[in-house]
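Encoded as structure tokens, the structure appears first; notes follow it.
The values are calculated or read from the model by the stated rules, or taken from the named source; none is laboratory data. Because the structure is predicted, anything quoted here is derived from the model rather than measured. When we count neighbours, we look across all protein chains shown, and the Cβ atoms used for this are built from the backbone with ideal geometry, even at glycine. In case anyone asks, the SASA skips ligands and DNA or RNA and just uses the protein heavy atoms, side chains included. Shrake-Rupley method; radii C 1.70, N 1.55, O 1.52, S 1.80 Å.
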Amino acid sequence: MNAPHTPMEEAPDELPMAATRLTLIRHGETDWNHSARIQGHTDIPLNARGRQQAGRMAQALADSAPDVIYSSDLQRAWQTAQALQETTSAPLLPNADLRERCFGVLQGQTIEQICAQDATLAKAFKSRDAAYRPPGGESMQMFRDRVLHAVDQLAARHAGQHIVLVAHGGVLDILYRHAAGLDLQVSRSWVIENTSIHRMLWAAGTLTLLAWGDVAHLDALAETAPQHYV
């Protein structure tokens, strides 16, 4: 007699996918953060304060037991991720799709410099037109698609596990908007400080916001204003 088929044997693709825990971290401070310069894909390392922030973040998450850490391959994120890898011993892997938005010709400039040099370019940049693409850079739509595709792939790969993503303010902004159902045109009112810690749950392509903006580990450091677009 043949054994009866179980539901799993009949329809394995219909089973619910296990949720993935995401811990999201913005990189530590750089000199360009401090001077409010647009970094984008420009590879700027952490400054002394950024290294301090990374160390405190790593200590705060020392017992978090991630299964793996993925980081943007840009220095400021990678150096931040290395601090966490040292305290957790979790595998650390680079992922270029976790990079900040590429701002092309705007990289290296402050908003004030852009306004002074090219009013038309400044107006287009500040308009939050999701389709606007700075010369040599990405539009917000392109950036959003890249980030969401990368996070979906990583979370699905580690279904049922806990992964850490070390990235950039723009990347975390995209994930917050997606979880909250907010359009790209909505002005940002949520804070994303250097080495801030955020938590989400991913299940079958859906992101759920659990906690946002934990900076308790930075209490002993002097406060600085967060830089949103650098």
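Find how many whole Å separate the alpha carbon centroid of segment 177-196 from the alpha carbon centroid of segment 22-88.
Centre-to-centre (Cα) distance: 19 Å.
Give a residue-ordered list of calculated ³J(HN,Hα) values for segment 89-95 (Karplus: 6.51 cos²θ - 1.76 cosθ + 1.60, θ = phi - 60°; whole Hz; x for Gly, Pro).
In residue order, the calculated couplings are 6, 6, x, 10, 10, x, 8 Hz.
Can you give me the accessible area per residue for the chain, using a 1.4 Å probe, in Å²?
Roughly 49 Å² per residue, with all protein chains present.
Mind grabbing the accessible area of His162 for me, 1.4 Å probe, Å², rounded to tens?
About 10 Å², rounded to the nearest 10.
In degrees from 0 to 90, rounded to the nearest 10, what is the angle of the helix 48-60 Cα long axis to the longest principal axis of the chain?
Taking Cα atoms only, the helix is inclined about 20 degrees.
How big is the accessible area of Asp31 in square angstrom, nearest 10, if you roll a 1.4 angstrom probe over the protein chains?
Near enough 100 Å² of accessible area.
For Trp190, what accessible surface area do you get with a 1.4 Å probe? Give it in Å², rounded to 10.
Number for this one is 20 Å².
Roughly how many debye, to the nearest 20, is the charge dipole of segment 101-226 about its Cα centre, given +1 on each Lys and Arg Cβ, -1 on each Asp and Glu Cβ, and no other charges?
340 debye
Charges only on Cβ, +1 for Lys and Arg, -1 for Asp and Glu: so what's the dipole of the chain about the Cα centre, in debye to the nearest 20?
So the dipole magnitude of the chain works out to roughly 620 debye.
So between Ala62 and Thr87, what do we pick up on full extension, going 0.36 nm a residue minus the alpha carbon distance?
8.5 nm
In degrees between 0 and 90, to the nearest 10, how far off the longest principal axis of the chain does helix 169-180 point, with axes built from Cα atoms?
Between helix and principal axis, roughly 50 degrees.
Taking the Cα atoms only, what angle lies between the long axis of helix 75-88 and the longest principal axis of the chain, rounded to 10 degrees?
So the helix axis and the longest Cα principal axis differ by about 40 degrees.
By accessible area of protein heavy atoms, probe 1.4 Å, what ranking do Thr208, Thr88 get, highest first?
Thr208, Thr88
Of Gln117, Leu106, Gln141, whose Cα points farthest to the positive end of the dipole of segment 60-182 (charges on the beta-carbon: +1 Lys, Arg; -1 Asp, Glu; origin at the Cα centre)?
Farthest towards the positive pole: Gln117.
Once amide H atoms are placed 1.01 Å from N in the peptide plane, what residues at a sequence separation of 5 or more from Thr30, or on another chain, have their amide H within under 5 Å of its amide H?
Those lying under 5 Å, H to H, from Thr30 are Asn47.
Would you kindly derive the ³J(HN,Hα) couplings of segment 195-206 from the backbone phi angles with the Karplus curve 6.51 cos²θ - 1.76 cosθ + 1.60 (θ = phi - 60°), listing them in order in whole Hz, with x for Gly and Pro?
6, 5, 10, 9, 10, 9, 10, 10, 8, 6, x, 9
In whole Hz, what ³J(HN,Hα) sequence does segment 22-28 give by Karplus (6.51, -1.76, 1.60; θ = phi - 60°), x for Gly and Pro?
Once rounded to whole Hz, the list reads 10, 10, 10, 9, 7, 4, x.
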